[in-house]
Amino acid sequence: MVGESRTSLFGRYLLIGIVSLIVLLPVYWMVNMSFKSRAEFVARPPTIVVQGPTTDNYYDLLVTQRFFRYGINSLVVALIAATLSVVVGTLAAYALSRYRLPRNFNYHLLFTMLTVRMFPPIVTVIPIFVIYNRQFFGYRLLDTHIGLGVIDAFTELPFVIWMMIGFFRDIPRDMEDAGLVDGDSRFGVLRKIAIPLAAPGLAATFILVFIASWNEFLLALILTQTKAQTLPIAVASQITQFDIKYGNMMAAGVITSVPVLILALLAQRHLTRGLAVGGVTG
Amino acid sequence: MTVEGAIEIKESRQIAGTPWWERNLAWLLVAPTVLMFVVFAVIPAFTTIAYAFSRVRMARGGITREFIGFENFARALQDPLVAQSVTTTVKWMLVVTALEVVLGLLLALLMSSGIRGRGLFTSLLIVPIIMPPVAVSVAWLFMYDYEFGIFNYLLNEVGLPSMRWLSEPAIAIYAMMAVDIWQATPFAFLLLYAALLSLPRDPYEAAAIDGAGRWYVFRTVTLPLLQPVLLVVILLRLIDAARIFDKIFVMTRGGPGSSAYTATLTIYIEGFTKFDFGYASALSFLFQLSLIAAATFYVKRVLADYAQPAE
């Protein structure tokens with residue numbers, strides 16, 4: 001807008017500064033507290049910057065309480081979820097963006113999948129729990145990485161399809177047509193031309209599904225118990241204990257957040273497109 | 001959905017000499033998606049309905065099921081906890097959505113008014129969006145702590161008494177809403193900011209020539225142009241807020257008492273602490289039913305400018 005006075009410009013930067021502070025404060029405070037010793041933790045006034053930084057909280061959490069196990073569980077589940085949903089979703093997205101299936105199937109499939117994505121996960125989890133709790137050939141899916149990973153994959157599948165349709169549309173058709181003329185099959189074109197060209201988008205989608213699965217709470221709470229328990233559940237279950245070890249909790253919060261923040265930086269450019277179909281939240 | 005130069009299935013089928021899987025490639029590509037949809041959405045949906053009309057008991061190696069008609073639904077209508085959780089959920093949805101969208105819009109307007117460091121600011125705002133809700137809850141839980149929390153420390157510093165942020169029913173729900181607003185306002189901001197940047201410039205130039213005031217321009221130009229995106233953001237936030245569970249579960253377990261039970265929390269408690277699957281399924285069914293209109297309307301909106309049904 002035109003003709004801004006200097007004071008109003010200053011006011012705006014001030015406002016942005018305040019908002020940035022509000023955004024950063026809880027995160028900073030968590031990191032700050034996670035490095036404090038017990039004595040410093042309860043000090044009044046609280047030290048704004050940790051005075052005697054210690055990694056005791058992290059050591060206690062990761063080694064004594066073996067939290068790294070939950071980290072590995074989260075990692076395995078998120079990798080299963082991201083791999084499965086990206087593979088399945090990419091195939092479907094390619095079909096939906098290159099073929100016109102009869103009876104308007106393209107639209108109906110996309111519509112149905114996205115609508116399902118909008119429903120709260122609690123509404124389907126009871127039957128899934130019952131099925132997972134049953135033995136099939138002496139094997140139960142409850143409290144397994146694969147069980148949770150597959151559900152997470154399905155939850156994020158509509159998001160993957162949505163993202164990949166967008167990326168496939170950005171590919172110039174000439175390049176694929178050239179492949180067809182050269183005698184490649186459609187599947188060959190998908191494998192040798194479309195997927196390599198969409199690779200950056202594919203990677204971003206993979207990362208965003210990984211994050212969603214890593215952060216997921218409700219399904220992990222219900223469908224895992226001990227063997228496959230993920231980090232968020234392990235962190236939350238610390239709170240029920242009579243004496244909350246806040247130092248540990250802060251360290252746990254940091255450990256849970258760091259991987260996703262690093263990954264988010266890598267996929268930042270594609271984040272906005274994914275937000276509209278709830279790829280990350282919820 | 002129309003795709004320029006899309007391959008008509010009928011045509012490709014007629015080309016001789018191509019193997020069967022190549023002729024039916026499109027169906028093969030969507031088959032895994034359809035399979036997952038049937039296994040994880042259709043079957044559970046029908047099972048939930050079946051459970052909703054049954055008394056379901058956990059038994060060795062599975063469950064036993066006994067048809068009881070509408071009993072679970074009748075019970076739901078008389079359950080004070082259900083009524084209370086509906087009120088809490090609706091209140092939660094309305095308050096957080098309103099504040100998140102308004103604050104997000106204000107931030108977006110602020111950012112789009114010719115300011116430097118926008119890239120840095122948007123990167124910064126991604127942090128709350130992406131953080132695990134559990135980590136966010138834990139961080140705030142400690143800030144709200146009665147003894148060691150920073151909020152009470154600051155209150156004391158200015159001479160005010162400490163507050164029981166999370167153990168006073170009248171305050172706790174709002175304290176937890178604040179956490180949600182902290183995490184999701186940047187989300188509303190990002191979508192609205194992207195929309196603001198893509199608005200046409202002409203109406204603004206015309207308004208500037210007319211010498212229109214800023215508020216007037218906002219009301220007559222920006223708001224109408226932004227309306228479709230605003231609707232999408234509001235709907236998406238409402239739908240997402242309806243399922244609120246993790247933050248409340250982590251911070252107070254739905255407490256103090258049952259004062260902060262939301263729809264998902266009540267279903268979780270009925271289903272997975274009391275293991276009353278029949279009743280929980282009936283509640284799930286009602287919950288889903290109440291959201292179906294918003295969900296289908298939203299998806300139609302999202303798909304409208306993206307893909308028309310093939311002619």
Go through B:I292, B:I244 for me and flag whichever is more than 27 Å from B:L110 (Cα to Cα) and not in a helix (DSSP H, G or I).
-> B:I244
Whichever residue in region A:3-43 is among the hydroxyl-bearing types (S, T, Y) and not in a loop (DSSP other than H, G, I, E, B) and, among such residues, is farthest from the other protein chains (Cβ to nearest Cβ) | A:T7
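For every residue, the table says whether it meets (1) crowded, with 16+ Cβ neighbours inside 10 Å; (2) touching a Pro at 6+ places or on another chain (Cβ under 7 Å); (3) polar (S, T, N, Q).
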| site | (1), (2), (3) |
| --- | --- |
| B:V34 | yes, no, no |
| B:A50 | no, no, no |
| B:I63 | yes, no, no |
| B:T87 | no, no, yes |
| B:K91 | no, no, no |
| B:L109 | yes, no, no |
| B:S112 | yes, no, yes |
| B:I115 | no, no, no |
| B:F121 | yes, no, no |
Of the conditions (1) within 12 Å of another protein chain (Cβ to nearest Cβ); (2) assigned to a helix (DSSP H, G or I); (3) not acidic (D, E), B:S113 clears all except one; give me its number.
-> (2)
Quick one: in region B:269-282, which of the residues that are more than 9 Å from chain A (Cβ to nearest Cβ) and part of a helix (DSSP H, G or I) is surrounded by the fewest Cβ atoms within 10 Å (Cβ to Cβ)?
-> B:I269
Out of region B:128-155, which residues are touching a residue at least 12 places away in the same chain (Cβ under 8 Å), in a loop (DSSP other than H, G, I, E, B) and within 7 Å of chain A (Cβ to nearest Cβ)?
-> B:M131
The condition of being within 23 Å of B:G271 (Cβ to Cβ), under 24 Å from the mean Cα position of the chain (by Cα), more than 7 Å from chain A (Cβ to nearest Cβ) and free of Cβ contacts under 8 Å to residues at least 40 places away in the same chain holds, among B:V102, B:V86, B:V42, only for B:V42
Might you check whether a residue that is under 30 Å from B:S85 (Cβ atoms) and among the polar types (S, T, N, Q) occurs anywhere in region B:213-220?
-> no
What number of residues within region B:103-157 are more than 30 Å from B:E168 (Cα to Cα) and aliphatic (A, V, I, L, M)?
-> 12
Scan the helices (runs of 4 or more DSSP H) fully inside region B:1-95 and keep the ones with 3 or more residues being modelled with pLDDT of 80 or more.
-> B:20-23, B:25-37, B:43-52, B:71-78
How many residues, within region A:171-215, are surrounded by fewer than 18 Cβ atoms within 10 Å (Cβ to Cβ), assigned to a loop (DSSP other than H, G, I, E, B) and small (G, A, S)?
-> 2
Could you figure out which of (1) surrounded by 16 or more Cβ atoms within 10 Å (Cβ to Cβ); (2) under 18 Å from A:M249 (Cβ atoms); (3) polar (S, T, N, Q) isn't true of B:S167?
-> (1)
Among the residues of region A:135-168, how many are crowded, with 16+ Cβ neighbours inside 10 Å and within 10 Å of chain B (Cβ to nearest Cβ)?
-> 13
Residues being under 18 Å from A:A203 (Cα atoms) and at pLDDT 80 or above - total across region A:251-282 = 9
State whether the residues of region B:156-176 include one that is at pLDDT 90 or above, within 11 Å of another protein chain (Cβ to nearest Cβ) and assigned to a helix (DSSP H, G or I).
-> yes
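Here is a yes/no grid of residues against (1) farther than 21 Å from A:L141 by Cα; (2) small (G, A, S):
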residue: A:P196; (1), (2): yes, no
residue: A:G201; (1), (2): yes, yes
residue: A:F206; (1), (2): yes, no
residue: A:F210; (1), (2): no, no
residue: A:W214; (1), (2): no, no
residue: A:A220; (1), (2): no, yes
residue: A:Q225; (1), (2): no, no
residue: A:T230; (1), (2): no, no
Residue pairs qualifying under the 6 Å Cβ cut-off, at least six apart or on distinct chains, with the first in region B:242-268 being more than 10 Å from every other protein chain (Cβ to nearest Cβ) and of a type in the set (S, T, Y) and the second being surrounded by fewer than 23 Cβ atoms within 10 Å (Cβ to Cβ) and part of a loop (DSSP other than H, G, I, E, B), are B:Y261/B:G254
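The values are calculated or read from the model by the stated rules, or taken from the named source; none is laboratory data. Everything quoted here is computed from the prediction, not taken from an experiment. Backbone-built Cβ (ideal geometry, glycine too); neighbour counts: all protein chains shown.
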